[in-house]
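The values are calculated or read from the model by the stated rules, or taken from the named source; none is laboratory data. As the structure is a prediction and not an experimental result, all values here were calculated from the model. When we count neighbours, we look across all protein chains shown, and the Cβ atoms used for this are built from the backbone with ideal geometry, even at glycine.
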Amino acid sequence: MMMNLKRFSKYACLMILSVVCLINSAYAQNRITVKGTVVDQNKEPLIGVSIVPSNPALGTVTDQDGNFTLQASAGEILTFSYVGYNTLKEAATPDMNIQLQENMVALDAVVVVGVGYGTMRKSDLTGSITSVSAEDLKKGVITSAEQLLQGKVAGLTVSQATGDPTQGSNMRLRGGTSLSASNNPLIVVDGIPGVDMNTIQPNEIASIDVLKDASAAAIYGSRGANGVIIVTTNRGTSNFSMNYNGYLAISSVAKNLDLLSANQWRQYVRDNNVTSAVDYGGDTDWQKELQRTAVSHSHNLSFSNGGKQSGVRASLSYMDTQGVIRTSALSRLAGSLSAFQYGLNNRLKLEVSLNANKDSYNPVDIRIYERAYNMNPTLPVMQNGEYTQIGGTNNNNPVEVLNNRKDDQTRTRLLGYAKAELEIIEGLKGAVNASYEYNSHQERFYTPSYAFFGIADKGYGRRRLGDYTNTQAETYLTYDKKFAGIHKLNVMGGYSYLKNMYEGFAAERRGFDTDIFGYNNLAAGNTLGLGDASSYKGTSKLISFFGRVNYVLSDRYMFTGTVRRDGSSRFGDNHKWGTFPSVSAAWRISEESFMEGTRGWLDNLKLRLGFGITGNQDGIDSYKSLSLMGTIGGGAYYDQASDSWKQSYGIVQNANPDLKWESTAQTNVGIDFAFLNRFNVTIDGYIKKTSDLLYTYPVPQPPYLYHEMMANVGDLENKGIEFTLGANIINTKDFTWNGNFTLAYNKQKVTKLSNDKYQTEAVSYGNLHGLTGMTGVYTQTLREGYAVGTFWGPKCLGIDEDGKYILNKDEKGELIYEDLGNAQPKLTMGFGLDFRYRDFDLNIAGYGLFGQKILNAQGMVISSMGRLPGSNIPDAWLNKGIADSPIFSDYWIEKGDFFRLQSVTLGYTLPVKNNWFSKIRVYATAENLFTLTRYDGMDPEVNYSGLLSPGIDKSIGESRDGDNYYYPRARTISFGINLSF
């Protein structure tokens, strides 16, 4: 019996072993090698996609080209997963080409957002922060980095008041907060605050985060009142890449003023029997004589290489932009170099970066525009080889003014920094940043002795130089810990030191015996007046302590608290230090159990609430709180004893030990929600109250030694609401359609201007000095209960039979001055549409401003029949019957609403992959295609910033008061190529 059992066991083992061998043989015969590529919806390779078969141990990830290889059974289900994309399951085949589709909500949640001295996941934010990726920035010819954000962020107004390529743009976030200080947001580049945004090449920007409310911006204390814009540039990567981007652009003037032609002028003279008219026999369009078809080009080459332990990136750009006005141009050479290195088992990270650029540009003399509008159209530009000149005020030849001058200016910018980050223990990191920023501006100007504006001086030369440096060091500790599975804590605290220095000099000379030297030898001039040589220097320091706490519970309850303590040398002795706190919280309602019924369509619902106090010290010069002496009484007196002129000095500024920052308290309520995995909506409402406004007030003498003084007195309030919609409308393999739309409303009011010590009822602004007949005329008022930029003057009741304005007057016959509207836009709007069909892509972008008023000062001056026949007038005003001299009234205040189709870009990506290129994309961009507006002036997008003259379309005149001068806006078509090697 025992023998049979042993024999049975032996046979059973042999049978089992045979079955196992057969199964293994069959299984081995069914195994295949799977090779494939994973790409996104734009057919770009995805790196690090996880591919998992039934046995997770046999899984793999895609390489830098999106390729993968693994062993699997034929037909076995493979799971493809990647953060921010929908998970896909596919049966295994030898060749697999997989395309993953973005999950908009999941992708949005993991976006990393710059919050100042660190980053956070977008899903954990409690403040109002808007992020713009490089792909969403403005397309086309960019001469000023601020233009990249135009129409992209709700509540952020980027106004480009002129088409001059040598001029920058103005930014304003949620309304202005100051009367005397800057209203521009603080710019932070790669963690370095206070940087000139144009130091960075536009092609090197990876993302921009806009901190809009005080709860987000308070970490920057006395510099955060106008919001903060955090710019993150491209860094070295863990793989090799080399890219070239270039374009060629052609620009022409989009719109000219429709003035009388020579034949229309002659017809008017004949019809009205004007015997005094002089016909010079020519046919000249003076505006077009100043203009040209401008050709511009730009080139950018970038290189990046590295691994997990180190990396380096370099970029070089050159841009040459012609203006549509002859002689105006801007060229820029820019470069950047950055590198990182890990050490101490990846616990230490070292990073260095250097960004530099040099602009060379040629502004134009803005007096040419008024001359062009004044000139008789029958007058030829030149006669007998000489520029034609006739007598009369502001009637000199504008082409001669443009050509017979030399204005060469350069601007150099440099930003270098070094960073070190050390993981001290798990979760605790220390960081040290040191940076140096240098800006230098040089002006070289010469008007020869034979030029119209140089004859009186017998030649005029000028040189100016200004340098500006920021030396900064910051260090902070960050503790980041997740514990018990539901708690996330991030604590940060640090110290900052900033030293600002500025200096410069200027020299000018007249009376040159020869013009051969130009501005290069001012000593050749024979006339040197008092004040023809000057210099200056100043410095200031800012020391700060700051901290922040972020706490997240169960990914649904978020809390953030920040505080910053700033000490500034600019402040008065009694207020050297200021404290700027903020607190905010958020609740992800969609994660609550009672929201289970909405999971099928509601992807995210989050409520945010924040309050904070920020400051603005930009309105305080380095020594504004001190008593200063300077030249008085004309600056000089004649000393008989020495038989010479000597400088006269006296008190020119009173000491103010109470001088301090402007303080802005802001409350923000926001809602974020996403639905149908296609739409993201953000709504924010805010109230901003700025206290202790800086303004210069009259003071009595005595006890004060000087008649005016800067003090903190006024209050200003902004209220608004913002709406942002992001839509992933269609997302298929061959066709995608994405869109975004922003809308923002803001209302401003000055609530206080005076106190018991410093008094003013109302101040007149908007000076029209420089316009014919407008000397001493002010058009705007600053007073309690009204917004900055309020037009104030008489109403026009009509035009009488003699062509005179009928102005509203009281019983005594005196003009009645009243509110005529405001220059600030009430509503701002932006939109963008992105389409992709296979290898074609299309981007459409536009923006608009609504609710603002514009003073058409240009039309007021040139639209009078009294200008004929000696000057010119617009064709449309020939039969209006206005014969009166220019008079300011609401007759010339118009609605400034407009919508501009900003750009349209059509691109095509060639399906090329070889040993030379991994990507070739060609595109064409059209800019400023049309503007919808009822404004009768040249262009409704005028300057809205500042206090001097917002919303005034001067377009002509002798000065750039408030930058409200005219330069024709261009319509541009560019052709470009993107190459990836």
Inset, instruction - Filter region 183-200 down to the residues that are of a type outside the set (Asp, Glu), within 13 Å of the chain's Cα centre (by Cα) and part of a loop (DSSP other than H, G, I, E, B), then identify the one that is surrounded by the fewest Cβ atoms within 10 Å (Cβ to Cβ). - result: 184
Inset, instruction - Would you tally the residues in region 523-536 being touching a Gly at 6+ places or on another chain (Cβ under 8 Å) and either surrounded by fewer than 14 Cβ atoms within 10 Å (Cβ to Cβ) or modelled with pLDDT of 95 or more (or both)? - result: 5
Inset, instruction - Report the residue count in region 34-59 for those that are among the β-branched types (Val, Ile, Thr) and at pLDDT 90 or above. - result: 4
Legend entry - Unmet criterion (only one of (1) touching a helix residue (DSSP H, G or I) at 6+ places or on another chain (Cβ under 8 Å); (2) under 30 Å from residue 445 (Cβ atoms)) for residue 560: (2)
Inset, instruction - Give just the number: which of (1) touching a Phe, Trp or Tyr at 6+ places or on another chain (Cβ under 7 Å); (2) outside any strand (DSSP E or B); (3) not acidic (Asp, Glu) does residue 882 not satisfy? - result: (1)
Inset, instruction - Filter region 265-290 down to residues that are assigned to a loop (DSSP other than H, G, I, E, B) and in contact (Cβ under 8 Å) with a residue 12 or more places away in the chain, then give me how many there are. - result: 12
Inset, instruction - Of the conditions (1) out of contact with any Leu (no Cβ under 8 Å at 6 or more places or on another chain); (2) in a strand (DSSP E or B), residue 219 clears all except one; give me its number. - result: (2)
Legend entry - Subset tally (residues that are of a type in the set (Gly, Ala, Ser) and either over 20 Å from residue 684 (Cβ atoms) or surrounded by fewer than 17 Cβ atoms within 10 Å (Cβ to Cβ) (or both)) for region 586-616: 4
Inset, instruction - Have a look at 369, 387, 361, 373 and point out the one that is within 15 Å of residue 452 (Cα to Cα) and out of contact with any Pro (no Cβ under 6 Å at 6 or more places or on another chain). - result: 387
Inset, instruction - For residue 557, work out the one condition from (1) loosely packed, with under 13 Cβ neighbours inside 10 Å; (2) within 30 Å of residue 666 (Cβ to Cβ) it doesn't fulfil. - result: (1)
Legend entry - Filter pass, residue 423 being in contact with a Leu (Cβ under 6 Å, 6 or more places away or on another chain) and among the charged types (D, E, K, R): no
Legend entry - Residues that are in contact (Cβ under 8 Å) with a residue 60 or more places away in the chain, of a type in the set (Gly, Ala, Ser) and within 25 Å of residue 123 (Cβ to Cβ), drawn from region 562-601: 582, 584, 585, 586, 590
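To keep it simple, each residue is scored yes or no on (1) farther than 20 Å from residue 290 by Cα; (2) at pLDDT 95 or above; (3) hydroxyl-bearing (Ser, Thr, Tyr).
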{"position": "396", "(1), (2), (3)": "no, no, no"}
{"position": "401", "(1), (2), (3)": "no, no, no"}
{"position": "409", "(1), (2), (3)": "yes, yes, no"}
{"position": "413", "(1), (2), (3)": "yes, yes, no"}
{"position": "418", "(1), (2), (3)": "yes, yes, no"}
{"position": "425", "(1), (2), (3)": "yes, no, no"}
{"position": "475", "(1), (2), (3)": "yes, yes, yes"}
{"position": "491", "(1), (2), (3)": "yes, yes, no"}
Legend entry - Residue satisfying condition, being among the polar types (S, T, N, Q), surrounded by fewer than 23 Cβ atoms within 10 Å (Cβ to Cβ) and in contact with a helix residue (DSSP H, G or I) (Cβ under 7 Å, 6 or more places away or on another chain), within set 73, 180, 128, 159: 73
Legend entry - Qualifying position, being over 24 Å from the mean Cα position of the chain (by Cα) and either among the small types (Gly, Ala, Ser) or crowded, with 17+ Cβ neighbours inside 10 Å (or both), among 817, 786, 837: 786
Legend entry - Selection within region 617-656 - exposed (fewer than 13 other Cβ atoms within 10 Å of the Cβ) and aliphatic (A, V, I, L, M): 629, 641
Inset, instruction - Check off (1) in a loop (DSSP other than H, G, I, E, B); (2) surrounded by fewer than 16 Cβ atoms within 10 Å (Cβ to Cβ) for residue 452 and give me the number that stays unchecked. - result: (2)
Inset, instruction - Look through region 475-486, keep the residues that are closer than 18 Å to residue 425 by Cβ and in contact (Cβ under 8 Å) with a residue 24 or more places away in the chain, and return whichever of them is surrounded by the fewest Cβ atoms within 10 Å (Cβ to Cβ). - result: 481
Legend entry - Single residue of region 270-307 satisfying the filter (under 27 Å from residue 979 (Cβ atoms) and exposed (fewer than 13 other Cβ atoms within 10 Å of the Cβ)) that is modelled with the lowest pLDDT: 307
Inset, instruction - Scan region 933-981 for residues that are aliphatic (A, V, I, L, M), at pLDDT 85 or above, assigned to a loop (DSSP other than H, G, I, E, B) and over 21 Å from the mean Cα position of the chain (by Cα) and jot them down. - result: 938
Inset, instruction - Scan region 543-591 residue by residue and report those that are within 19 Å of residue 613 (Cβ to Cβ) and among the basic types (Lys, Arg). - result: 548, 564, 565, 570, 576
Inset, instruction - Could you list, in sequence order, all residues of region 319-335 that are closer than 16 Å to residue 439 by Cβ and crowded, with 23+ Cβ neighbours inside 10 Å? - result: 334
Inset, instruction - Starting from region 790-802, keep only residues that are over 23 Å from residue 947 (Cα atoms) and among the small types (Gly, Ala, Ser), then list their pairs with residues that are assigned to a strand (DSSP E or B) and at pLDDT 95 or above whose Cβ atoms are within a distance under 8 Å, requiring at least 6 positions of separation or different chains. - result: none
Inset, instruction - Collect the residues in region 482-525 that are more than 36 Å from the chain's Cα centre (by Cα) and in a strand (DSSP E or B), keeping them in residue-number order. - result: 482, 483, 487, 509, 510, 511, 512, 525
Inset, instruction - Looking for whichever is part of a strand (DSSP E or B), in contact with a His (Cβ under 9 Å, 6 or more places away or on another chain) and either surrounded by fewer than 17 Cβ atoms within 10 Å (Cβ to Cβ) or of a type outside the set (Phe, Trp, Tyr) (or both) here; the options are 552, 563. Which one fits? - result: 552
Inset, instruction - Output the residues belonging to region 95-121 that are crowded, with 17+ Cβ neighbours inside 10 Å, modelled with pLDDT of 70 or more and under 30 Å from residue 564 (Cα atoms). - result: 113, 114, 115, 116, 117, 118, 120
